Amino acid sequence: MRAFAVSLVIGFNYFILFYYGFVNLIYTALLLVSTVVILRYIRKIRYSPFKDFITSPETPPVSILVPAYNEERVIVRTVGSTLAVNYPFFEVVVINDGSTDATLDTLIRTFHLRKVDRAYRNVLKTTPIRGFYYSPDVPNLLVVDKENSGKADSLNCGINVSRSPYFCTVDADSVLEDNALIKLMTPTVESPVPVVACGGVIRALNGIHMEDGAVRRIDLPRSSLAMFQIVEYLRAFLFGRVGLDAMNGILILSGAFSLFRKESVVEAGGYRPKNVTEDMELITRLHRRAIEGKAPYAIKFISDPVCWTEVPESLKMLGRQRRRWHLGLMQSIVQNRSALFNPRYGKFGWVVLPYYLFIELLSPVVELIGYVAVVLSYLFGLLSVEFMLLFFALAVLYGIFLSTASVFLEEVTYRRYPRWSHLFRLLFYGVIENFGYRQINSFWRCQAFLKYLVGMRKWEYVEKGKNVPRGARRS
Amino acid sequence: MFADLDRILLVSLAFLLLVILTVLGATIYRRAAALRRYRILDRNRERYGKRFRELIDEGKSVEELSAFAFPSHSAEWHAVEHVLFGLLADRGYESAGVALFDKLGYRSYYERKLENRNIIVKSSAAEKLGRMRCEASTGKLVPLLDERNGEIAPVTVRALSKIGTREALEAVLDRLPDLYSRSFVSRKSIESSLRNFGPAAVPDLVRYGDQYVDPVSRASVLEVLGVLGAPEALPFAFRNLGDGDSDVRAKALKLIGAAGGGLPPGEKDKVAALLDDPVWFVRLQAAKALGTLRHGKAEPVLAKRLMDANWQVRNAAATALVLTSDNAIGIFLDTLGASDRYAKESVCEEIQKTDFVYRLIDNLVSPGGETYGKSREILKIMASLGYGTPLREYLESGADDRVRRELTLIVQERAAS
């Protein structure tokens, strides 16, 4: 029995070693590709025509969809920032998802809305509408009040109501930069291949100073948890997604700020309310449908346009958010398992889905089992303490390398955090996030794995932020 | 075995540590270098910005300003470039700015860059020459349109459109079908750029549009003419109304809608005929065009389109009827009496959106008569379909007591039924 256990542990140790090497190889490759792509992109921005498109009648109209549930605290700020974007033709559709707080009343009062009647075409089936609110003073704002049914259903409702060929989803606790939408649309308009979806960058709003719905001064939050997430977002958006985008392999575009071609989404059947990460599931389905239809298509990620969003500042809320993200990833992969290693789907089936399955989905589980295996190996006398410590140090150092490389990429590209103190804090948190924060993240993702296995697949409500951003308090 | 592994790990650790320290150092150095660079640039920009304006105001010739020709890539060179772009945005200094770009060597520098093999360098140079409005560079830019690269083509088209000369326009139009067939550039991108040539481009756009065999180029030209709202292009639009390509027909209608205000009734009939087109977006453009052309004879066909299968067409037809017809009340009443719920909702929505509902409410002031009866009936149907908000609003805050009485009755009748 002991011999069997020892063999098992040895075998698993080798597996961990190779898996770790393989994952890091992939990450390094992604980092290298991203560095090249992002530096090229930065040079290309200089001749980007987005400023021409701001005044061009050829720029396609966009509906900005803002689903809101109990957002009375931030909804005015969000709507204000979306109404202030530099874009020639757009409408803002706020979908009040049966809020139990004063979200609707706040909107009515602030924007002097009155109830209007409108034909509602239930193309994508949704829960019933309670009313439409409009004001001639703000003619491009429409508020839809509907019965509560979740974000996906609210977005479907917004799609039904929207009158533009493109729609952009924005979370109710987010703030768009004034040129964010036009920067997202420009590559879409310029692409000779139809772009069915396009996502921008999400950054943490915590610590930001705001005025009249716009970002006035960028600062960093005091909360360590928010700081960890800022570094994490830099890593995810500046090298993870950029690398995957280089091969049209993006599966995750943040629902907090993404642009979609309406026709493609309606044809695909809209968002699926049963998925906990409806945005990812939709992107996966859009990939599949386009490949099945043998039509040229692109799903893009653009590393320049920014949407600032609040990130959780408590471990409880962050844990909920991460569990939900991982659960959603799992659902999407399981639902699309028929495409996995299926020659019909080309690189989507052979590279993209396996990447998300073996690297993104399974890595926390392997990591956790790895910790157990290390302890067992030590107990069985299979591992020297020296080796164990060296291996752990290597893992930590590699994590530090990825984090600091992300901060470096930010520095050579967008440099949004202007002060020296910002830079040093980012580098500092890039180092220390590898001691505890990364491990607790893996733990939450493993929890999601277990939850999925036992059938607990419900949306966990996340209250973001802890304090209202400074400018918002004033308003 | 562990000893070997330990050594491998130690070497890896040392290497990784070195890489991390390099990345940290590079990050800090980069920040310091960028700050220094921008400080110098800002200082020079302020200094030269003032100086250039002063000298131009003093009436100095471009030749006299040649002392500001600095070595390329120096901090001063970049600062002067910024300043000159600033001058272009200022009407009073615009021509001096264009001349100075030439005199101080920027044009020749960027023209040399056009020969670079790196596509980003080349595109960047093309964009700069366009922004500098260097007419003399047209000849150097045009060959870039023939390059087999999808990145350079849109930038070159845009640069040429900013230069805005006839030679530049002809160069683009000559190659339009080829650019589209090679899928190197999107239509929106080209159309945005062509618009920059302005109304002076209309004759050439029409001439080329007539010559194009491929429908994509023709539709594109029609779209640009529609945005420019060029009445002189109307004959070209009418020649394309019978085209086999639906996109061409739709764009021709869009142009007619935008520029055809003074058309004779016979021509407007041709537009009305396209309300029966099999393609929905052609019908949509026809309905929209008839809304702006105000063609009374189109009433029956527009009324028919209130029952169109496509909601955009229904809405556009309803809007056109409100704008065009004296008999809109009768037509709407007929449609609201039909059984198609979607058609009825479209009509109700447009009656509200176009504020026609307030005309209906005003008609209640004097009871009796056909208009009163029809208006009352429409309002009653609207209330029963859930479009009663304007009625309720009037009941709450309307000025005329007679109208409020009528509306109360309508609401009561609806409740009773």
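The values are calculated or read from the model by the stated rules, or taken from the named source; none is laboratory data. Values in this document were obtained by computation on a predicted structure and should not be read as measured data. Counting neighbours? That spans all protein chains shown, and the Cβs are built from the backbone with ideal geometry, glycine included.
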Worksheet item: Going by the structure shown, is A:ARG203 more than 20 Å from the chain's Cα centre (by Cα) and either free of Cβ contacts under 8 Å to residues at least 60 places away in the same chain or part of a strand (DSSP E or B) (or both)?
Response: no
Discussion item. If the requirement is being touching a helix residue (DSSP H, G or I) at 6+ places or on another chain (Cβ under 6 Å), of a type in the set (Val, Ile, Thr) and either surrounded by 23 or more Cβ atoms within 10 Å (Cβ to Cβ) or not in a helix (DSSP H, G or I) (or both), which of these qualifies: B:VAL206, B:VAL185?
Written reply: B:VAL185
Practice prompt. Report, ordered by the first and then the second residue, all pairs with beta carbons closer than 7 Å, sequence separation of six or more or different chains, a first member in segment B:146-167 that is within 9 Å of chain A (Cβ to nearest Cβ), and a second member that is in a loop (DSSP other than H, G, I, E, B) and of a type in the set (Ser, Thr, Tyr).
Written response: B:VAL155/A:TYR47
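Only one of A:ASP101, A:ASP105, A:ASP52 is more than 21 Å from the chain's Cα centre (by Cα) and either of a type in the set (Val, Ile, Thr) or within 14 Å of another protein chain (Cβ to nearest Cβ) (or both); which?
Step by step, each of A:ASP101, A:ASP105, A:ASP52 is checked, and only A:ASP52 is more than 21 Å from the chain's Cα centre (by Cα) and either of a type in the set (Val, Ile, Thr) or within 14 Å of another protein chain (Cβ to nearest Cβ) (or both).
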Item to complete: Find the residue count for segment B:234-244, including only residues that are surrounded by fewer than 17 Cβ atoms within 10 Å (Cβ to Cβ) and either among the β-branched types (Val, Ile, Thr) or assigned to a loop (DSSP other than H, G, I, E, B) (or both).
Response: 2
Fill in: B:LEU194 being modelled with pLDDT under 95, within 18 Å of B:ALA287 (Cα to Cα) and not hydroxyl-bearing (Ser, Thr, Tyr)
no
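Here is a yes/no grid of residues against (1) in contact with a Gly (Cβ under 9 Å, 6 or more places away or on another chain); (2) part of a helix (DSSP H, G or I); (3) within 14 Å of chain A (Cβ to nearest Cβ):
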{"residue": "B:VAL11", "(1), (2), (3)": "no, yes, yes"}
{"residue": "B:VAL23", "(1), (2), (3)": "no, yes, yes"}
{"residue": "B:LEU35", "(1), (2), (3)": "no, yes, yes"}
{"residue": "B:ARG47", "(1), (2), (3)": "no, yes, no"}
{"residue": "B:LYS50", "(1), (2), (3)": "no, yes, no"}
{"residue": "B:VAL83", "(1), (2), (3)": "yes, yes, no"}
{"residue": "B:GLY92", "(1), (2), (3)": "no, yes, no"}
Worksheet item: Quick check: anything in segment B:271-282 under 24 Å from B:VAL357 (Cβ atoms) and either of a type outside the set (Phe, Trp, Tyr) or part of a helix (DSSP H, G or I) (or both)?
Response: no
Item to complete: May I ask you to verify whether B:PRO215 is touching a residue at least 40 places away in the same chain (Cβ under 8 Å), more than 14 Å from every other protein chain (Cβ to nearest Cβ) and in contact with an Asp or Glu (Cβ under 6 Å, 6 or more places away or on another chain)?
Response: no
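For B:ALA125, are the conditions met, namely being touching a Lys or Arg at 6+ places or on another chain (Cβ under 9 Å), assigned to a helix (DSSP H, G or I), free of Cβ contacts under 8 Å to residues at least 24 places away in the same chain and crowded, with 16+ Cβ neighbours inside 10 Å?
Details: touching a Lys or Arg at 6+ places or on another chain (Cβ under 9 Å): yes; assigned to a helix (DSSP H, G or I): yes; free of Cβ contacts under 8 Å to residues at least 24 places away in the same chain: yes; crowded, with 16+ Cβ neighbours inside 10 Å: yes.
Yes: the conditions hold for B:ALA125.
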Practice prompt. Identify the single condition in (1) touching a residue at least 12 places away in the same chain (Cβ under 8 Å); (2) out of contact with any Ser or Thr (no Cβ under 7 Å at 6 or more places or on another chain); (3) assigned to a loop (DSSP other than H, G, I, E, B) that A:PRO136 does not satisfy, given that it satisfies every other one.
Written response: (1)
Worksheet item: Just one of A:THR78, A:THR28, A:THR35, A:THR82 is modelled with pLDDT of 90 or more, within 13 Å of another protein chain (Cβ to nearest Cβ) and within 21 Å of the chain's Cα centre (by Cα); which is it?
Response: A:THR35
Practice prompt. Could you list all residues from segment A:391-441 that are facing chain B (nearest Cβ under 9 Å) and among the aromatic types (Phe, Trp, Tyr)?
Written response: A:PHE391, A:TYR398, A:PHE401, A:PHE408, A:TRP420, A:PHE424
Item to complete: Please go through segment A:278-297 and pick out each residue that is in a helix (DSSP H, G or I), out of contact with any helix residue (DSSP H, G or I) (no Cβ under 7 Å at 6 or more places or on another chain) and of a type outside the set (A, V, I, L, M, F, W, C).
Response: A:ASP279, A:GLU292
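Would you check if B:ALA201 is surrounded by 23 or more Cβ atoms within 10 Å (Cβ to Cβ), away from chain A (no Cβ under 14 Å) and not polar (S, T, N, Q)? Before you say what the answer is, go through the steps one by one.
Details: surrounded by 23 or more Cβ atoms within 10 Å (Cβ to Cβ): yes; away from chain A (no Cβ under 14 Å): yes; not polar (S, T, N, Q): yes.
Yes; evaluated as a whole, the condition is true for this residue.
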Response to the item:
Being outside any helix (DSSP H, G or I), in contact (Cβ under 8 Å) with a residue 12 or more places away in the chain and within 14 Å of B:VAL357 (Cα to Cα) narrows B:TYR394, B:TYR387 down to just B:TYR387
Fill in: Failed item in (1) crowded, with 19+ Cβ neighbours inside 10 Å; (2) within 14 Å of chain A (Cβ to nearest Cβ); (3) of a type outside the set (Asp, Glu); (4) more than 41 Å from the chain's Cα centre (by Cα), with B:LEU395 passing the rest
(1)
Worksheet item: Among B:SER220, B:SER181, which is the only one that is of a type in the set (Ser, Thr, Tyr), over 29 Å from B:LEU275 (Cβ atoms) and within 14 Å of another protein chain (Cβ to nearest Cβ)?
Response: B:SER181
Discussion item. Pull out all pairs, ordered by first then second residue, where Cβ-Cβ is under 7 Å, the residues are six or more apart or on different chains, the first lies in segment B:339-367 and is facing another protein chain (nearest Cβ under 10 Å), and the second is assigned to a helix (DSSP H, G or I) and among the small types (Gly, Ala, Ser).
Written reply: B:SER346/B:ALA318; B:VAL347/B:ALA318; B:GLU350/B:ALA318
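Quick check on this structure: which one of A:PHE341, A:PHE358 is surrounded by fewer than 16 Cβ atoms within 10 Å (Cβ to Cβ) and under 16 Å from A:TYR27 (Cβ atoms)?
Working: A:PHE341 fails: under 16 Å from A:TYR27 (Cβ atoms).
The unique qualifying residue is A:PHE358.
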Discussion item. Between B:ARG305, B:ARG314, which is of a type in the set (Lys, Arg), modelled with pLDDT of 85 or more and within 24 Å of B:THR389 (Cβ to Cβ)?
Written reply: B:ARG314
Worksheet item: Across segment A:377-390, which residue is modelled with the highest pLDDT among those that are surrounded by fewer than 18 Cβ atoms within 10 Å (Cβ to Cβ) and more than 7 Å from every other protein chain (Cβ to nearest Cβ)?
Response: A:LEU389
Practice prompt. Considering only segment A:298-338, state which residues are assigned to a helix (DSSP H, G or I), farther than 30 Å from A:TYR437 by Cβ and in contact with a helix residue (DSSP H, G or I) (Cβ under 8 Å, 6 or more places away or on another chain).
Written response: A:GLN335
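Looking at A:ILE42, A:ILE64, which one is of a type outside the set (Gly, Ala, Ser), part of a strand (DSSP E or B) and either within 12 Å of chain B (Cβ to nearest Cβ) or closer than 25 Å to A:ASP304 by Cα (or both)?
Details: A:ILE42 fails: part of a strand (DSSP E or B).
Result: A:ILE64 is the single residue among A:ILE42, A:ILE64 that is of a type outside the set (Gly, Ala, Ser), part of a strand (DSSP E or B) and either within 12 Å of chain B (Cβ to nearest Cβ) or closer than 25 Å to A:ASP304 by Cα (or both).
Consider A:GLU58 carefully, then state whether it is in a loop (DSSP other than H, G, I, E, B) and more than 10 Å from every other protein chain (Cβ to nearest Cβ).
Values: in a loop (DSSP other than H, G, I, E, B): yes; more than 10 Å from every other protein chain (Cβ to nearest Cβ): no.
So A:GLU58 does not fit the description; no.
Say whether the condition of being in a loop (DSSP other than H, G, I, E, B), within 19 Å of the chain's Cα centre (by Cα) and surrounded by fewer than 23 Cβ atoms within 10 Å (Cβ to Cβ) is met by at least one residue in segment A:226-246. Show your work before the answer.
Applying the first criterion (in a loop (DSSP other than H, G, I, E, B)) to segment A:226-246 yields A:246.
If we keep only those that are within 19 Å of the chain's Cα centre (by Cα) as well, we get A:246.
Applying the additional criterion that residues be surrounded by fewer than 23 Cβ atoms within 10 Å (Cβ to Cβ) yields A:246.
Scanning segment A:226-246, I find at least one residue that is in a loop (DSSP other than H, G, I, E, B), within 19 Å of the chain's Cα centre (by Cα) and surrounded by fewer than 23 Cβ atoms within 10 Å (Cβ to Cβ), so the answer is yes.
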Discussion item. Would you confirm whether or not segment A:289-297 contains a residue that is buried (at least 20 other Cβ atoms within 10 Å of the Cβ) and under 30 Å from A:GLY436 (Cβ atoms)?
Written reply: no
